[in-house]
Amino acid sequence: MQSEEKQECPECAERIPVGVVACPLCGADLAWRLRPGEAAASLDAIRQGLDDYMGFGAYRKEVATGSSVFTAKTIVGALIAFGCFLVVVAGGASSGSDSEGIVVLGVIGGIICSICTLVCLAHDLGSMRLAKVRDPKTFVKRFIMAALRGRERRAYLATAPSSRAPSTMHEVDLGALPQHAEVPRIDSLGGFRKYWQKYVKAGPCLQTRTVALRKVHPAREVVPGLYAVDVDLRVTSYPSLVVLSFLVIGLFVVLVILVLQKKHDLTVTKLVIEHRGRLFMLEPELIGTLDLALGNPL
């Protein structure tokens, strides 16, 4: 009898029959996953579409436009920092009684604006190089940072054209995260921007949330030329901006109380024993009797 064809479960790595919709061992949903042969065929179709898209001169013009323009945040920050520099110069040249205060305010404002401008400039430069990145891990990191931080044009240009078609847009379940009633279509730059700014970064009605990039894991090659990259995100949801305002006020009061509290520094010595290749804490208390007796010998 011919043996049943097997595949490796992408979740638990066990050998399971090919074609099952769910792993019989760990229960992972496999209905949406492509087989290696199907993935290779889809990859060939995507590459053909990319060849057709990149063959037009409009593509190079789009890339040049999206890669050479600084964002408004960077430009405004640079202008404000330059204005603070002019204030410092004017205050230094003035002989009035308020000149010293003006110089101090100009220096403080200039330092803050310069730091913000440099941060925005670093993000701009990272997103500008999306078209030149060859490492999948770095590419995914810069793509998500560009999409989350107001640089959607560069991320949009770095998306395969087949993924922008209205017919391929589908709703993705975000699990326990608050959901919007409607998912915008990514069939234009405006739709791409609306998806990331209104659907991902902003919660639905009476909800507020923030999305932070925590870690990008090394890439895994699914088939030759196709990589999968795991991304750790921290999504924080709040009930509403009004409730958040009350929480901020309450947090400020709590911080004031904590500042007034007395603080003590304490160093403890805990004893750990190794037995049969494992480590065990000798005593569960913060400070145990053996800790005192053996951890601080006379």
Only one of ALA219, ALA181, ALA228, ALA212 is of a type in the set (Gly, Ala, Ser) and in contact (Cβ under 8 Å) with a residue 40 or more places away in the chain, namely ALA219
Count - residues of region 182-225 that are among the hydroxyl-bearing types (Ser, Thr, Tyr) and under 20 Å from ALA158 (Cβ atoms) | 3
How many residues does region 124-137 contain that are surrounded by 16 or more Cβ atoms within 10 Å (Cβ to Cβ), at pLDDT 70 or above and closer than 17 Å to LEU157 by Cβ?
-> 3
Subset of region 41-64 (residues that are modelled with pLDDT of 70 or more and hydrophobic (A, V, I, L, M, F, W, C)) | ALA41, LEU43, ALA45, ILE46, LEU50, MET54, PHE56
Inside region 9-35, can you point out the residues that are closer than 22 Å to LEU226 by Cβ, among the small types (Gly, Ala, Ser) and either modelled with pLDDT under 70 or surrounded by 12 or more Cβ atoms within 10 Å (Cβ to Cβ) (or both)?
-> GLY19, ALA28, ALA31
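Could you tell me whether ILE108 is in contact with a Cys (Cβ under 9 Å, 6 or more places away or on another chain), of a type outside the set (S, T, N, Q), modelled with pLDDT of 85 or more and surrounded by fewer than 14 Cβ atoms within 10 Å (Cβ to Cβ)?
On the way: in contact with a Cys (Cβ under 9 Å, 6 or more places away or on another chain): yes; of a type outside the set (S, T, N, Q): yes; modelled with pLDDT of 85 or more: yes; surrounded by fewer than 14 Cβ atoms within 10 Å (Cβ to Cβ): yes.
Criteria met by ILE108.
The values are calculated or read from the model by the stated rules, or taken from the named source; none is laboratory data. For clarity, every value in this text was computed on a predicted model and none was experimentally measured. Neighbour counts are summed over all protein chains in view; Cβ atoms, including those assigned to glycine, are modelled from backbone coordinates with ideal geometry.
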